[in-house]
């Protein structure tokens with residue numbers, strides 16, 4: 001990652017400054033990731049020390065207005081302190097996991113074995129349940145960030161940006177599999193290929209219509225596999241996010 005070249009992309013700094021000032025958010029550092037994978041993310045210890053990263057692939061794939069929508073989405077995460085909260089709550093399953101390992105495989109004596117096993121099983125149950133809760137929270141925060149962004153730009157602009165990112169990520173499966181920042185990306189790079197497999201004809205032109213959203217949502221509502229699989233995802237299916245954005249657009 002390299003710091004933003006203000007002469008190369010002056011409008012990125014201007015957009016970030018405008019949205020941050022309007023919403024009383026400390027302006028983040030801006031960096032550019034030299035990867036063709038279209039995406040964006042924020043990270044930092046606190047909202048006041050946040051860094052926002054945009055990829056070259058994002059800037060080369062999306063229009064300026066669509067990039068502005070993605071920038072607004074990431075600023076929404078900063079405003080809601082999402083990266084800090086996600087880091088903090090992720091400590092709970094980590095602690096539970098190590099308790100489970102140490103009690104179940106820690107070389108206890110015979111007398112200690114039964115109680116240690118019970119504690120270990122309980123800790124593992126806490127680990128599993130809290131992981132599911134964290135994934136649920138991760139999906140929820142994406143809706144909140146989308147809603148925030150949809151109030152800064154036209155919601156349909158962000159909807160098209162999400163479609164383009166999802167389609168672009170699906171074409172780069174190998175890079176996606178190597179991702180270690182899934183919950184911090186604008187779109188989950190691992191689930192993108194699954195979505196495009198299911199809705200390839202809709203994503204192909206990278207421009208989603210309201211009728212296409214309705215068809216996709218009808219399929220999702222009738223698919224038990226889709227409903228079950230989503231509980232293990234860091235992000236909602238893109239079509240659900242696009243549907244919410246269209247609802248927001250109709251409310252304006």
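The values are calculated or read from the model by the stated rules, or taken from the named source; none is laboratory data. These figures come from a predicted structure and were not determined experimentally. Counting neighbours? That spans all protein chains shown, and the Cβs are built from the backbone with ideal geometry, glycine included.
General observations
- Evaluation of residue 41 against (1) within 16 Å of the chain's Cα centre (by Cα); (2) under 24 Å from residue 136 (Cβ atoms); (3) in a helix (DSSP H, G or I) (one fails), failing number: (3)
- Some residue of the range 54-72 being touching a helix residue (DSSP H, G or I) at 6+ places or on another chain (Cβ under 7 Å), at pLDDT 85 or above and at positive phi: no
- Subset of the range 89-112 that is surrounded by 14 or more Cβ atoms within 10 Å (Cβ to Cβ) and at pLDDT below 80 - its residue that is farthest from residue 40 (Cα to Cα): 108
- Boolean, residue 176 is part of a helix (DSSP H, G or I), at pLDDT 90 or above and either buried (at least 19 other Cβ atoms within 10 Å of the Cβ) or over 11 Å from the mean Cα position of the chain (by Cα) (or both): no
- Test: residue 121 is under 30 Å from residue 252 (Cα atoms) and modelled with pLDDT under 90: no
- Filter result (surrounded by fewer than 17 Cβ atoms within 10 Å (Cβ to Cβ), assigned to a helix (DSSP H, G or I) and more than 16 Å from the chain's Cα centre (by Cα)) within the range 57-88: 60, 64, 65, 88
- The single residue among 8, 13 that is touching a strand residue (DSSP E or B) at 6+ places or on another chain (Cβ under 9 Å), farther than 15 Å from residue 73 by Cβ and either outside the structural domain of residue 153 (by TED's automatic domain parsing) or free of Cβ contacts under 8 Å to residues at least 12 places away in the same chain (or both) turns out to be 8.
- With respect to being out of contact with any strand residue (DSSP E or B) (no Cβ under 8 Å at 6 or more places or on another chain), at pLDDT 95 or above, farther than 21 Å from residue 7 by Cα and assigned to a helix (DSSP H, G or I), residue 25 falls outside the description.
- Scan the range 31-56 for residues that are farther than 15 Å from residue 186 by Cα and buried (at least 21 other Cβ atoms within 10 Å of the Cβ) and the total you get is 1.
- Residue within the range 195-217 that is under 13 Å from the mean Cα position of the chain (by Cα) and either outside any helix (DSSP H, G or I) or at pLDDT 80 or above (or both) present: no
- The range 138-168, residues that are surrounded by fewer than 17 Cβ atoms within 10 Å (Cβ to Cβ), assigned to a helix (DSSP H, G or I) and either touching a helix residue (DSSP H, G or I) at 6+ places or on another chain (Cβ under 9 Å) or not assigned by TED's automatic domain parsing to the domain that holds residue 183 (or both): 143, 144
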